[in-house]
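Below: one structure, written as C-alpha cells.
The values are calculated or read from the model by the stated rules, or taken from the named source; none is laboratory data. Just so you know, these numbers come straight off a predicted model, no measurement behind them. All Cβ positions, glycine included, derive from the backbone under ideal geometry; neighbour counts span all protein chains shown.
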Amino acid sequence: VVFTEKQEALVKESWELMKLNIPDLSLQFFTTILEIAPAAKGMFSFLKDSDVVPQNNPKLKAHAVKVFKMTCEAAIQLREKGEVVVAETTLKNLGSVHVKKGVVDAHFEVVKEALLRTIKDAVGKKWSEEMAVAWAEAYDHLAAAIKAEMKEEV
Ligand code: HEM
Ligand code: ISQ
C-alpha cells in the first residue's frame, strides 16, 4: 500500500482537532452508528436499560476514543511500514469482544461511514475529500485485521 506523508499528516491534523471535543464527538459517532443501523442497538451494553443514548457514559466515550485513536495509529503505521499491525493481545481481545456481541463484516461499513461523518463535522472548513480517503484507507486496514481475528475466534 502506498500511504503518503500527506495522507498521514491529514489524519494527524484532523485527530488533533477532534481531541478538542471528545465528549461531543464520541456521542455523535455512536449516535450516527445507530442512525445508520438501528438494529445494532441491542449489541451495546450502554443501551441496556434505556432507549436513548446516555449523554455521559465513560465506557461509551472510552471505546469511541479508542476507535479514533487506533485508526489514527493505523494511518501512521501504513505510512511507516505499509501495513497495519495491531498488538497481539489487543487484537485477540477485540476479535473476541466483537464476535461475542454479534458484529458481522457489514457492520464495519456502518462504523466507517459514521466515523467519516463525525470527522467531517469535527474539522469543519479543514475537511477535504483527500482527508476522508486517508481516514477510510487507514480504517479499512484496521478493520481487516479485526475481521481476520474474528474469523479465527470461531
Ligand atoms: C467494543 C473498537 C468496529 C461494535 C469495542 C471496544 C473497542 C472497539 C476498543 C472495547 C473492547 C473491550 O471492551 O475491551 C473497535 C474498532 C473497530 C470496531 C477499532 C473498527 C475498526 C465495530 C463494529 C461494530 C462494533 C463494526 C458493530 C456495529 C462493538 C460493540 C462493542 C464493541 C457492540 C461492545 C460494547 C459494550 O457493550 O461494552 N470496539 N470496534 N465495533 N464494539 Fe467495536
Ligand atoms: C465500539 N466499537 C466501535 C465503535 C464504537 C463507537 C462508540 C462506542 C463504542 C464503539
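Annotations
- Residue tally, condition more than 9 Å from ligand 1 (Cβ to nearest atom), of a type in the set (Val, Ile, Thr) and within 24 Å of Val1 (Cβ to Cβ), over region 83-102: 2
- Qualifying residue in region 34-50 (condition: under 14 Å from the mean Cα position of the chain (by Cα) and touching a residue at least 24 places away in the same chain (Cβ under 8 Å)): no
Residues are listed down the side, and each one gets a yes or a no for (1) more than 10 Å from ligand 2 (Cβ to nearest atom); (2) modelled with pLDDT of 95 or more; (3) more than 23 Å from Met131 (Cα to Cα):
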{"residue": "Thr4", "(1), (2), (3)": "yes, yes, no"}
{"residue": "Phe30", "(1), (2), (3)": "no, yes, no"}
{"residue": "Asp49", "(1), (2), (3)": "yes, no, yes"}
{"residue": "Gln55", "(1), (2), (3)": "yes, no, yes"}
{"residue": "Glu73", "(1), (2), (3)": "yes, yes, no"}
{"residue": "Gln77", "(1), (2), (3)": "yes, yes, no"}
{"residue": "Ser96", "(1), (2), (3)": "yes, yes, yes"}
{"residue": "Val99", "(1), (2), (3)": "yes, yes, yes"}
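- When each of Asp49, Asp140, Asp105 is tested for being more than 10 Å from ligand 1 (Cβ to nearest atom) and acidic (Asp, Glu), the lone residue that passes is Asp49.
- Verdict on Lys12 being without any contact (Cβ under 8 Å) to a residue 40 or more places away in the chain and either assigned to a helix (DSSP H, G or I) or in contact with a Pro (Cβ under 8 Å, 6 or more places away or on another chain) (or both): no
- Comparison of Ala122, Ala144 shows that the only residue that is more than 14 Å from ligand 2 (Cβ to nearest atom) and under 16 Å from Ala64 (Cα atoms) is Ala122.
- Whichever residue in region 79-94 is within 21 Å of Met150 (Cα to Cα) and surrounded by 17 or more Cβ atoms within 10 Å (Cβ to Cβ) and, among such residues, is farthest from ligand 2 (Cβ to nearest atom): Val84
- Which listed residue, of Lys41, Lys92, Lys19, Lys12, is over 26 Å from Asp121 (Cβ atoms) and out of contact with any Ser or Thr (no Cβ under 8 Å at 6 or more places or on another chain): Lys92
- Within region 112-145, the residues that satisfy the criterion of being surrounded by 21 or more Cβ atoms within 10 Å (Cβ to Cβ) and either among the β-branched types (Val, Ile, Thr) or more than 16 Å from the chain's Cα centre (by Cα) (or both) are Thr118, Ile119.
- Lys69 among the charged types (D, E, K, R) and under 21 Å from Phe3 (Cβ atoms): yes
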